[in-house]
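Please treat every number below as a calculation from the coordinates, not as lab data. These numbers were taken from a predicted model, which means no experiment stands behind them. With ideal geometry, Cβ positions are generated from the backbone for all residues, glycine too; neighbour counts draw on all protein chains shown.
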Amino acid sequence: MIIQAWIRFQGYCGWLSGVLCVLISVGAFAKEIKTNEIVMPNAPDWLKQTRVEQVTNRIQHKLEWSTRRVHAIWYTSQEEFEKVHTLGPFAAAVAKVGAQGSSIHLGPGVDQENFDAVFGHELVHIVIGQKYKDAIPKWLEEGLANHLANRGKVDYAWLAKQPFPDDVRDLAHPFRGSAAGISYRYKASQALAEMLSKRCELENLIRLSVQRKMENYIQTYCGIADLNKAFREWVQKKK
Ligand SMILES: [Zn+2]
């Protein structure tokens with residue numbers, strides 16, 4: 001019912017001022033969800049507290065961490081959502097960890113179907129920011145977040161047909177540019193996470209990496225001397 005009202009209101013957002021539009025959004029999404037870790041002031045009607053807890057617990061368990069308080073904010077206006085980040089129109093949600101605390105911003109594309117995967121993905125970023133800082137290499141972070149949050153499968157046949165990057169370490173942020181380019185970076189990063197998971201037990205690798213650079217362990221613990229060569233072979237094998 002509330003959602004329907006919002007859909008009707010959305011038609012007016014083109015000419016209403018941004019502020020008014022946000023006020024209407026907040027009014028339509030006024031249900032607060034609060035767990036030990038998450039404060040979500042404007043959750044949509046279909047979302048239940050237990051679902052938020054389940055996703056949070058799964059990611060915390062995998063990364064062995066109790067998340068410090070996260071504010072999770074929903075946006076029904078794409079325009080308002082894009083004002084809080086710089087990742088451009090293809091980002092579905094964004095996580096921020098800073099001196100002011102941690103927050104997750106959920107764009108209009110997040111829905112009942114993809115919530116667990118998207119929210120789980122952003123929580124991985126939060127835990128990396130709170131616990132691992134810069135120990136996890138940037139080229140792995142997006143893929144790791146996808147992998148741990150079960151966000152879709154890698155299409156290895158497609159990946160094998162794309163030109164290989166000169167160096168997979170270049171797959172790091174910023175994730176900008178064409179949709180195809182961004183998609184490649186995410187999928188290649190996820191393929192790298194899957195490769196590490198197969199080669200050396202990802203959980204142990206992550207555990208070793210608290211306050212120490214993971215890149216060193218990829219050589220010593222996983223026995224991968226040449227990351228690019230290993231990646232090419234992995235994609236060829238899996239395609
Ligand atoms: Zn991400």
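Please rank I33, I126, fewest neighbouring Cβ atoms within 10 Å first, as an exposure proxy. Mind showing how you got there, number by number?
On the way: I33 19, I126 26.
Lowest to highest Cβ neighbour count: I33, I126.
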Percent of beta bridges antiparallel (DSSP, the chain, rounded to nearest 5): 55
Separation of the K161 and Q54 label points, Cα + 7 Å toward Cβ, nm: 3.6
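Once the other residues with Cβ under 10 Å from the Cβ of E194 are scored (Lys, Arg +1; Asp, Glu -1), what is the net sum? Spell out each step's value before the answer.
Numbers: positive: K153, K198, R199, K238; negative: none.
Residues close to E194 contribute a combined charge of +4.
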Projected-area average for the chain over all orientations - Cα convex hull basis, square nanometres: 13.5
Alpha-carbon centroids, the stretch 113-165 and the stretch 58-108: separation in whole Å: 14
Angle between the chain longest axis and helix 18-28 axis [Cα atoms, degrees, rounded to 10]: 90
Among A92, G109, V168 - extreme Cα towards positive end, dipole of the chain, charges at beta-carbon: V168
Taking R58, R185, R212 and counting other C-beta atoms within 10 Å, the order from fewest to most: R212, R58, R185
Helical mean residue ellipticity (222 nm; -39500 (n - 2.57) per DSSP H run of 4+; nearest 500) of the chain: -15000 deg cm²/dmol
0 to 90° range, to nearest 10: angle between helix 49-63 axis and the chain longest Cα axis: 20
Label point distance in nm, N150-E203, each placed 7 Å from Cα along Cα→Cβ: 1.6
Efficiency of FRET between D170 and K237 - r from beta-carbon atoms, R0 25 angstrom, step 0.05: 0.65
Selected from P44, H147, N216, residue furthest toward positive end of dipole (the chain; charges at beta carbon): N216
Rounded tilt (10° steps) of 115-127 against the dominant C-alpha axis of the chain: 60
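When the dipole is taken about the Cα centre of the chain, and only Lys, Arg (+1) and Asp, Glu (-1) are charged at their Cβ, what size is it in debye, to the nearest 20?
440
Give me L148, L192, L87 sorted ascending by neighbouring Cβ count inside 10 Å, so fewest comes first.
L87, L148, L192
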